[in-house]
Amino acid sequence: MRCFRFLAFLTVAVLSFSCTPKLDVAVRAMTPETNKLGSEFEIFVDILNNTSERQLFNHLNIEESYLEGIEILGSVPGYYERYAVDIDNTINFSYDLQIDAGETFTVILYCKAVKTGQYDGNITAFFNNAFAHTSTPISTEITPVNET
């Protein structure tokens, strides 16, 4: 009987996961390939709403692996909340903004290079109270100031 309950629970969990709505939205991030230690730079995150309806853009999540050498100083538009999401090792930046049908919305992240090394990760945009999301990889190398 316990095995049956477990299998029933597992079936419901799999069906719930696989029934996550597919939304025709995309995220594209433009990061500099290299930056000098201590320099400030910008990341441009384009959020494309390819649907025929307005979508609620809730937040961006950036993997902590990318942020180990890069500090986010702020953004335009400004986020209203920032917090760690321990379950997936990301930092969440909350916005809750409407993006009109067929529009592209850009978030500019203001950053500072704080530690040398190669930093890679994903940036994920969440929509409609986190029922839909899309990701793209990001990568930046931080080099010492004295390197050319």
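The values are calculated or read from the model by the stated rules, or taken from the named source; none is laboratory data. All figures in this text were calculated on a predicted structure; none of them were measured in a lab. Virtual Cβ from ideal backbone geometry, glycine too; neighbours counted across all protein chains shown. Accessible surface areas use protein heavy atoms only, side chains included; no ligands, DNA or RNA. Shrake-Rupley method; radii C 1.70, N 1.55, O 1.52, S 1.80 Å.
Annotations
- Estimated at the nearest 10 Å², the accessible area of Phe44 is 70 Å² with a 1.4 Å probe.
- Candidates per GluC sites (Glu not before Pro) in segment 20-54, loop by DSSP, up to 13 other Cβ within 10 Å: Glu33, Glu53
- Checking every one of the trypsin sites (Lys or Arg not before Pro) in segment 71-148 against DSSP loop status and a limit of 12 other Cβ atoms within 10 Å picks out Lys115.
- Label-to-label distance, nm, for residues given as Glu42 and Ile87 (7 Å Cα→Cβ offset): 3.5 nm
- Take the Cβ atoms of Asp100 and Glu33, set R0 to 35 Å, and the FRET efficiency comes out at 0.60.
- Dipole magnitude of segment 82-148 about its Cα centre (Cβ charges: Lys, Arg +1; Asp, Glu -1), debye to nearest 20: 200 debye
- Modelled spin-label separation between Tyr110 and Glu64, with each label point placed 7 Å from Cα along the Cα-to-Cβ direction: 2.6 nm.
- All other residues whose Cβ lies under 14 angstrom from that of Thr106 are scored, Lys and Arg at +1 and Asp and Glu at -1, for a net of -3.
- Cα lying deepest toward the dipole's positive end in segment 91-148, options Tyr119, Thr106, Thr134, charges on Cβ: Tyr119
- Where N is the number of residues in segment 60-142, Cα Rg divided by 2.2 N^0.38 Å: 1.11
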